[in-house]
Amino acid sequence: MDLIPAPAHIDGPHGGVFAVDARTALAATPGTEGTARWLRTVLGAALGLELPPGAPGAGDTVTLRIDPGLPHEGYRLTVAGGVEIDGGGPAGVFWGAQTLRQLLGPDAFRRAPLRPAAYRAIAHQAIEDAPRFGWRGLMLDVARHFMPKDDVLRHLDLLAAHKLNVLHLHLTDDQGWRIEITRHPRLTQTGAWRARTRWGHRASELWDPAPHGGYYTQDDIREIVAYAAERHIRIVPEIDIPGHSQAAIAAYPELGNADVIDTTSLAVWDTWGVSPNVLAPTDTVLRFYEGVFEEVLGLFPADVSPFVHIGGDECPRDQWKASPTAQARIRELGLAGEEGLQSWFIRHFGRWLAARGRRLIGWDEILEGGLDPGAAVASWRGYRGGIEAARAGHDVVMCPEQQVYLDHRQAEGSDEPMPIGYVRTLEDVYRFEPVPPELRGRPEAARHVLGAQANVWTEVMQDRSRVDYQVYPRLAAFAEVVWCPALPASAERDFTEFERRMAAHYARLDALGVDYRPPGGPLPWQRRPLPEGVMGALGRPIEGAPPNV
């Protein structure tokens, strides 16, 4: 079997095959209509099949059913005279359909049939499967380099193909604001565009002089959310506070610490790192962001987006230390200095969101100063923050930089494109364990680990091809880690067997048009050395670039 993620239980293959051809029908029982639409759209196009309505359980028929006896996201796929996919809920049926697609071979991942009257045979077998974690995610940073809507929709299809169910969209940062807020139009009129962009790592001396930007209209967001919901993927929107906010301050200078710096002189940041320009601790700022979040909640319904991410990380406090306004607020509220001021920001919006039926999640810095019950933590600075949060009774999403930051380079080679960070190979990601040893012997704490996500920060990823290269095939390894059952403490995942199955999975990625990193290293057009006369966006030369940068 070459399925990814590997199923928990397989009985077979047995003698005999089921032929998927022009005679194959599709029977959707109540609750499975969405998966039926998806199968007709995807498999119908790829294999040239109509998949007309059929009778449940009949021969030559793919039957979709809900079986409440299975886990909600679990499924049972049985291949005999027909194909039966039973799921504990609609999501389970959908994941079973994804497995069926893999069983049909890489041609099932194309958009049109390669030959007329396509025929596929599936061996008789039974597969029963369910995910280990309920949070199996990818964080996509669309703030540093904007990703057009169609690329986001494509990534949702790729997540679904790997049975991942969370897309965390990093929508705002110092370098750009990417979501339309109608009551504050300058957030996108001004905040969505920067005059130029640092080319490469923050220490680089090169610049792309082309303006960069873009944003999602509210209708774009509604489309993304609906598209995700059809694929049983939750969206987690991130609006950064109180740091990583220079784009917002450039649009509305009253949001910054105007008693310390001239906020009217700020522009959307054009470089990487941590900007010193943070939000002022004023009622004006609170009301402004409450208005932002009101529109965000209206665009991301609670059933698709129960969590709202508020960032909360990397907030320099130097301006607050120098600000009479900030110091007066610290005294007024009886806070423990500037750290308490940051915690005050987080607690305010945690309570504001809770009053509206949502849950706050933030990076692990939000633990500093304490958290209200119900807030969740995304642990990025290693496992430590996640361990602390889980022991304190907070839910946790594990995303440690050292293991699952996919912007980090994949090999030591000098030809890796714009290499940054740690070397994290495909095998390294495959060895990632979301529940650290410190929690495994404490079930009351371990149950707070909702799951994990891989993070994709796009400072050095200027376009879709570069994102593909960094994310794949490592996301396939991550998907297996968060789907498959936990191993005994002394056991290791079989990477050799995973590599064997990846040989078939590369063909699926090829069919999907993914510009992944090949196992033998980057292809000539993916390598780091650029042609002489480096060209940036819109065909403009990169300033200061010598030949063969």
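Ordered by the count of other Cβ atoms within 10 Å of each Cβ, fewest first, MET1, MET461, MET418 give MET1, MET418, MET461. Across the options ALA228, GLN189, SER465, the greatest Cα extent toward the positive end of the charge dipole of the chain (unit charges at beta carbon of Lys, Arg, Asp, Glu) belongs to ALA228.
Legend: ranking of residues LYS321, LYS163, LYS149 from fewest to most surrounding C-beta atoms inside 10 Å; resulting order LYS321, LYS149, LYS163. Between THR63, THR282, HIS309, the Cα set farthest toward the positive side of the dipole of the chain (charges on each charged residue's Cβ, about the Cα centre) is that of THR63.
Over the chain, what is the relative contact order in whole percent, taking alpha-carbon pairs under 8 Å and six or more residues apart? Mind showing how you got there, number by number?
Values: 1194 pairs, mean separation 78.4, N = 549.
Reported as a whole number, the value is 14 percent.
How much length, in nm to one decimal, is gained on full extension between GLU294 and ALA328, taken as 0.36 nm per residue of separation minus their Cα-Cα distance?
Numbers: separation 34, 0.36 × 34 = 12.24 nm, distance 2.82 nm.
So the chain would gain 9.4 nm between GLU294 and ALA328.
Report for the chain the percent antiparallel among DSSP-assigned beta bridges with both residues inside it, nearest 5. Walk me through the numbers on the way to the answer.
Numbers: 26 of 68 bridges.
Here the share of antiparallel DSSP bridges comes out near 40 percent.
Of the listed peptides 81-87, 430-436, what is their order by residue-averaged count of other C-beta atoms within 10 Å, with the highest listed first? List each step's numbers first, then the result.
Values: 81-87: 22.0, 430-436: 20.1.
Going from most to least packed, we get 81-87, 430-436.
Net charge of the neighbourhood of THR24, taken over other residues with C-beta under 10 Å away and scored Lys/Arg +1, Asp/Glu -1, is -1.
Rounded to the nearest 500, the helix-only mean residue ellipticity at 222 nm of the chain stands at -9500 deg cm²/dmol, with each DSSP H run of n ≥ 4 adding -39,500 (n - 2.57).
Scaling against 2.2 N^0.38 Å puts the C-alpha radius of gyration of the range 379-502 at 1.11. I need the Debye-formula profile for the range 360-416: one equal scatterer per C-alpha, no solvent, reported as log10 I(q)/I(0) at q = 0.13, 0.17, 0.20, 0.30 1/Å, two decimals. Rounded to two decimals, the profile gives -0.37, -0.53, -0.66, -1.18.
Both numbers refer to the Cα atoms of the chain; Rg and Dmax are 24.4, 79 Å.
By other beta-carbon atoms within 10 Å, ranking ILE224, ILE261 with the fewest at the front produces ILE261, ILE224. For the pair the range 247-275 / the range 29-78, the C-alpha centres are spaced 52 Å from each other.
Multiplying each eigenvalue of the alpha-carbon gyration tensor of the range 9-129 by 5 and taking the square root yields semi-axes of 21, 16, 13 Å, largest first, rounded to whole angstroms.
Any read-out appearing in this document is the output of simple, stated calculations on the displayed coordinates, not a laboratory observation. Note that this is a predicted model, so its numbers are computed, not measured. All Cβ positions, even for glycine, are placed from backbone atoms using ideal geometry, and neighbour counts span all protein chains on display.
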